[in-house]
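J.: Dropping a structure here in structure tokens format, bear with me for questions.
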Amino acid sequence: MSLPTRNQYLESKVATAPAHRLHLMLIEGAIRFGRQAEDALRRGDTQAASAPLMRVVDIVGEMLAGVRGQETALNQQIAELYLFLFRRAAEAKINDDVEKLGEALRLLEFERETWQLACDKLASQEPGLATQAPVEKKAAPRPNFIGQHLGGLSQSSAASSGLSLEA
């Protein structure tokens, strides 16, 4: 698939995904970049690990921001997990520490499995939900983040779709 075609596909996928699927895509992106950084660190190439590690930190930071504003007990627990992941990813970045990164990746894998199960359950309960576009939240969309971390979507296309990272 050519790069413009891939970007168009990803843009369409993001624009039509419900909020829970967008969150799953963020988790998957963090894992993908984390694996790239892990491979580079294991080779001793700290320079090649730097950019993907920063993307992991950015993504987990946005996931944390998405749950911190809500005061439910569940959101507080999730925020604590994301804060822990953020710290581990930041420590891995600062210290080029493959062990801390590995710990964060194991937790992200578990988080991905959990969100995948939730997405599957929601899709089976309401078949239209799997393809329904997300409802715009009160929080301002973060088009720069979406474009930067999910494959280079244009700022205008992300903004026009009303995307928010609130999941």
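Just so it is clear, none of the values below were taken in a lab; they were calculated from the coordinates. In this text, all values refer to a predicted model and were calculated from it rather than measured experimentally. Neighbour counts are summed over all protein chains in view; Cβ atoms, including those assigned to glycine, are modelled from backbone coordinates with ideal geometry.
J.: Taking 0.36 nm per intervening residue step and subtracting the Cα-Cα distance, what contour gain separates GLN77 from ARG106 on full extension? Each step should come with its number before you reach the end.
T.: Details: separation 29, 0.36 × 29 = 10.44 nm, distance 1.79 nm.
Full extension from GLN77 to ARG106 adds 8.7 nm.
J.: With an 8 Å Cα cut-off and a minimum separation of 6 or more residues, compute the relative contact order for the range 20-97 in percent.
T.: 29 percent
J.: Compute the length gained on full extension between THR46 and ARG32: take 0.36 nm times their separation in residues and subtract their Cα-Cα distance, giving the result in nm to one decimal.
T.: Gain on stretching THR46 to ARG32: 3.3 nm.
J.: Could I ask something else about it? Could you order peptides 111-123, 91-103 by the average number of other Cβ atoms within 10 Å of their residues, highest first? All intermediate terms of the calculation are to be shown ahead of the outcome.
T.: Numbers: 111-123: 14.3, 91-103: 17.5.
The densest-packed peptide leads the list: 91-103, 111-123.
J.: Continuing with this model, one more query. Any chance you could run the full-extension gain for ASP97 through GLN116? It's 0.36 nm times the residue separation minus the Cα-Cα distance, nm to one decimal.
T.: Details: separation 19, 0.36 × 19 = 6.84 nm, distance 2.83 nm.
Extra length from ASP97 to GLN116 when fully extended: 4.0 nm.
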